[in-house]
Amino acid sequence: MQDMRKLALLLRQIEDQLAVCMRCGMCQSVCPVFAQTGREADVARGKLALLDGLLQEMFQDPGGVDERLMRCLLCGSCATNCPSGVRVLEIFIKARAIITGYRGLNPFKKFIFRNMLARPQLFHRILEWSSKFQGFFARPVDELLGTSCARFVSPLGHRHFHSLAQEPFHRTVPFMNTPAGSSGLRVGFFPGCLVDKIFPRIAHAAVRVFGHHGVGVFIPENLGCCGIPALSSGDTETFNKLVRHNLESFQSQDLDCLLTPCATCTATIKKLWPLMAEDLLPQERRRVESLAERTLDISQFLVDRLRVNNALEGEEGDGSPVTYHDPCHLKKSLGVFQQPRKILKGISRYSFKEMAEADWCCGCGGSFNLQHYDISASIGQRKRDNIAATGCGVVATSCPACMLHISDMLSQARDHIAVKHVLELYEECLEGSEKGVEPPAHEG
């Protein structure tokens with residue numbers, strides 16, 4: 001059980017923040033879960049009211065408190081729209097850590113997080129081994145989307161899911177260390193677990209884009225998870241191990257930026273690593289803060305640092321419509337939403353069409369999708385309807401988790417719409433037409 005002094009410290013931090021909430025109910029109008037269930041307990045205001053008496057509730061009904069806290073996507077919609085500036089995500093993350101510290105971690109999660117996720121080399125090997133046998137349990141259902149479904153009765157139910165890649169990115173590119181080229185910039189690249197193991201094509205596209213623009217790249221061996229699955233379940237022990245592991249991986253490098261193609265990884269490194277760094281040594285906290293300050297989403301880097309939207313011409317094409325879904329962690333947590341649109345609008349083979357409610361959550365929410373798939377799918381159906389209404393042939397986004405859930409929804413609806421990362425579409429406009437995009441101006 002976690003040290004009670006640490007729990008007391010977290011409780012005091014939460015109590016200070018709870019005093020800011022006016023119980024105005026503004027969060028009701030923007031909460032995707034509340035929109036589906038209509039339950040006050042599912043909206044931020046209801047959870048904050050629960051947390052007002054957390055110390056007492058934790059002893060009387062810890063399981064009930066835990067269950068209510070976990071019925072949250074951690075999408076940040078409530079925090080973004082709160083007129084009082086309540087840091088709701090910070091409160092919920094710390095509250096989950098308190099409850100888990102008091103109750104202990106669920107045995108299954110404890111095994112997964114501490115015996116596998118916290119040991120990157122073992123985690124890589126297990127999933128590589130699993131990819132070789134997944135064909136016995138899954139059958140393809142949509143070639144365009146690359147989705148499959150379970151062959152037999154499965155805990156995955158009727159989901160349409162992406163299988164593990166036959167060859168993860170870390171197997172093809174176990175290490176990279178190239179000097180800065182014409183751009184004068186050198187970056188660290190953090191692909192994230194989903195890109196590495198399910199969508200390695202995105203990481204390969206990133207490497208090609210870096211090469212095209214003369215950007216030096218450092219990719220360390222055996223990168224670990226950013227830690228968000230463990231942290232969202234309240235497991236700060238595993239989270240801290242992963243933070244330390246990844247810090248050490250980048251420690252000796254002089255990098256202009258740390259880039260990720262995953263909105264969730266970006267927000268975790270930039271916001272949650274510094275937030276939850278109390279248990280780290282002072283020198284580790286300083287390194288966390290330094291790395292967080294230099295962490296950028298990859299579209300943010302392309303537009304704000306390399307200025308690629310000033311040079312985009314692309315190939316001549318039919319201007320087929322493409323739309324964009326805003327990942328919650330990118331727009332609501334980091335305020336990044338114009339940059340991916342600038343990239344898409346600059347590719348002449350596509351015509352950009354804004355969907356309705358582009359920043360409404362897709363409903364994935366990581367482990368929320370596993371625990372509350374019925375709610376997750378209902379939220380996802382709303383997103384699917386908005387995508388289909390644009391008449392697009394491609395929906396782009398900047399988060400592999402969103403790609404998984406949107407693919408599930410489109411595949412089940414039998415929509416002929418591809419799901420792509422913004423980086424993939426940008427890299428496609430460079431392929432076979434080096435004259436189409438000249439290396440753009442960049443900031444030094």
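Would you point out the residue of the range 268-312, among those that are more than 26 Å from PRO340 (Cα to Cα) and either outside the structural domain of GLY234 (by TED's automatic domain parsing) or among the acidic types (Asp, Glu) (or both), that is modelled with the highest pLDDT?
Ranking the qualifying residues of the range 268-312, first place goes to GLU284.
Scan the range 106-118 residue by residue and report those that are over 14 Å from ASN240 (Cβ atoms) and either crowded, with 21+ Cβ neighbours inside 10 Å or basic (Lys, Arg) (or both).
The answer is LYS109, LYS110.
Report, by residue number, each residue of the range 116-170 that is of a type in the set (Phe, Trp, Tyr), farther than 27 Å from GLY227 by Cα and part of a loop (DSSP other than H, G, I, E, B).
PHE137, PHE152
For the range 47-62, check the following and say yes or no: at least one residue is modelled with pLDDT under 85, over 30 Å from LYS197 (Cα atoms), touching a helix residue (DSSP H, G or I) at 6+ places or on another chain (Cβ under 6 Å) and of a type in the set (Phe, Trp, Tyr).
No, the range 47-62 contains no residue that is modelled with pLDDT under 85, over 30 Å from LYS197 (Cα atoms), touching a helix residue (DSSP H, G or I) at 6+ places or on another chain (Cβ under 6 Å) and of a type in the set (Phe, Trp, Tyr).
Looking at the structure I just gave you, is VAL422 within 17 Å of THR147 (Cα to Cα) and touching a residue at least 24 places away in the same chain (Cβ under 8 Å)?
no
Considering only the range 72-104, state which residues are outside any helix (DSSP H, G or I) and either closer than 21 Å to GLU15 by Cα or touching a helix residue (DSSP H, G or I) at 6+ places or on another chain (Cβ under 7 Å) (or both).
Passing the criteria: CYS72, LEU73, LEU74, CYS75, GLY76, ASN81, CYS82, PRO83, SER84, GLY85, VAL86, ARG87.
Yes or no: LEU223 more than 28 Å from PHE161 (Cα to Cα) and of a type outside the set (Gly, Ala, Ser)?
Considered against the rule, which asks whether it is more than 28 Å from PHE161 (Cα to Cα) and of a type outside the set (Gly, Ala, Ser), LEU223 comes out as no.
Would you check which residues across the range 385-428 are part of a helix (DSSP H, G or I) and either in the same structural domain as CYS226 (by TED's automatic domain parsing) or among the charged types (D, E, K, R) (or both) and list them?
Answer for the range 385-428, where residues must be part of a helix (DSSP H, G or I) and either in the same structural domain as CYS226 (by TED's automatic domain parsing) or among the charged types (D, E, K, R) (or both): ASP385, ASP408, GLU424, GLU427, GLU428.
Among the aromatic types (Phe, Trp, Tyr), modelled with pLDDT of 95 or more, outside the structural domain of SER398 (by TED's automatic domain parsing) and over 27 Å from LYS132 (Cβ atoms): which single residue out of PHE189, PHE218 fits that description?
After applying the criteria, what remains is PHE218.
Restricting the range 187-210 to residues that are touching a strand residue (DSSP E or B) at 6+ places or on another chain (Cβ under 8 Å) and without any contact (Cβ under 8 Å) to a residue 60 or more places away in the chain, which is nearest to GLY227 (Cα to Cα)?
Filtering the range 187-210 for residues that are touching a strand residue (DSSP E or B) at 6+ places or on another chain (Cβ under 8 Å) and without any contact (Cβ under 8 Å) to a residue 60 or more places away in the chain, the one nearest to GLY227 (Cα to Cα) comes out as ALA203.
For the range 241-261, which residues satisfy the criterion of being surrounded by fewer than 24 Cβ atoms within 10 Å (Cβ to Cβ), aliphatic (A, V, I, L, M) and assigned to a strand (DSSP E or B)?
None - no residue of the range 241-261 is surrounded by fewer than 24 Cβ atoms within 10 Å (Cβ to Cβ), aliphatic (A, V, I, L, M) and assigned to a strand (DSSP E or B), so the list stays empty.
The values are calculated or read from the model by the stated rules, or taken from the named source; none is laboratory data. Here the structure is a predicted model, which is why all the values come from computation and not from measurement. Because the Cβ atoms are built from the backbone with ideal geometry, glycine has one as well, and the counts that use them run over all protein chains shown.
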